[in-house]
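Enquirer: Quick one: structure below, then a few questions.
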Amino acid sequence: MNSLTMLGMTPSDVRKRGPKEEIRFAIGKATLGSILVASSTKGVAAILLGDDPDALVRDLQDRFRKATLIGADADYAAIVATVVGFAEGPRMGLDLPLDLRGTAFQQQVWQALRDIPAGQTLSYRDVAERIGAPSATRAVAGACAANALAIAVPCHRVIRNDGALSDYAWGVERKRRLLAREGAA
């Protein structure tokens, strides 16, 4: 069994981007802007941040091209509220099942990111060393860029080796605000 099959998706499912799958989603508002939350039957599969709700829906459609996207009902609002609450108060933690989709290496990086406490940061090099791949700094950056679970997999806690903020899929200013909210320098 290969690593992708162990993660719940076969390599062909990954290539097809979610065939025979239903993804529920809804958009909430927070001080960070709009937050799109999407879930499969396994858990939250995407948390996307932005200013334009329509752009977030298009991003979701691109990520799950073959899945059936279902606008959420009132029951799903509780999940969105939990994610919005976590975005506003990250130290409270996020107690929702996650459907992390990625390669074995990405999974390893994302777990290392989830182990970084709120209010702390690490460099890409630090993360590479923590996962036992000290020469994989660029690959760590690539795994951060591939992360579809903003704030739940806190790639915003990864900074450049010189301590400066680096790119962030949902904007450097949003990254700065997230880190300030967590009490990081």
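Enquirer: In deg cm²/dmol and to the nearest 500, what is the mean residue ellipticity at 222 nm of the chain if only DSSP H runs of at least 4 residues count, each as -39500 (n - 2.57), divided by the residue total?
Expert: After summing the helix terms and dividing by residue count, I get -11000 deg cm²/dmol.
Enquirer: Still on this model: Using R₀ = 45 Å, calculate the FRET efficiency as 1/(1 + (r/R₀)^6) where r is the Cβ-Cβ separation of GLU88 and SER135; round to 0.05.
Expert: Approximately 0.75, to the nearest 0.05.
Enquirer: Return the long-range amide H neighbours of ILE159 (sequence gap of 5 or more, or a different chain), with a cut-off of under 5 Å between placed amide H atoms.
Expert: LEU122, SER123, TYR124
Enquirer: State the dimensionless ratio Rg/Rh of the stretch 104-182 (Rg: radius of gyration of Cα atoms; Rh: Kirkwood radius).
Expert: On the way: Rg = 11.1 Å, Rh = 12.2 Å.
That ratio equals 0.92.
Enquirer: Considering the Cα trace of the chain, what is its radius of gyration and what is Dmax, both in angstroms?
Expert: When restricted to the Cα atoms of the chain, Rg and Dmax are 16.0, 47 Å.
Enquirer: Starting from the Cα of GLU173, step 7 Å toward the Cβ, then list every residue of the stretch 33-59 with an amide N under 14 Å from that point.
Expert: Flagged as within label range: 33-34, 50-52.
Enquirer: Among SER40, SER166, which comes first, second and so on when ranked by fewest other beta-carbon atoms within 10 Å?
Expert: On the way: SER40 20, SER166 17.
Least crowded to most crowded, the residues run SER166, SER40.
Enquirer: Okay, moving on. Taking only pairs that are 8 or more places apart or on different chains, how many Lys pairs in the chain have Cα atoms under 20 angstrom apart?
Expert: 6
Enquirer: Which of LEU32, LEU94, LEU165 comes first, and how do the rest follow, when ranked by fewest Cβ neighbours within 10 Å?
Expert: Ordered from fewest to most neighbouring Cβ atoms within 10 Å, LEU32, LEU94, LEU165 come out as LEU165, LEU94, LEU32.
No value in this document is a laboratory result; all are computed from the given coordinates. Just so we're clear, the structure is a prediction, and the values are computed from it rather than from any experiment. Glycine gets a Cβ as well: all are built from the backbone with ideal geometry, and neighbour counts include every protein chain shown.
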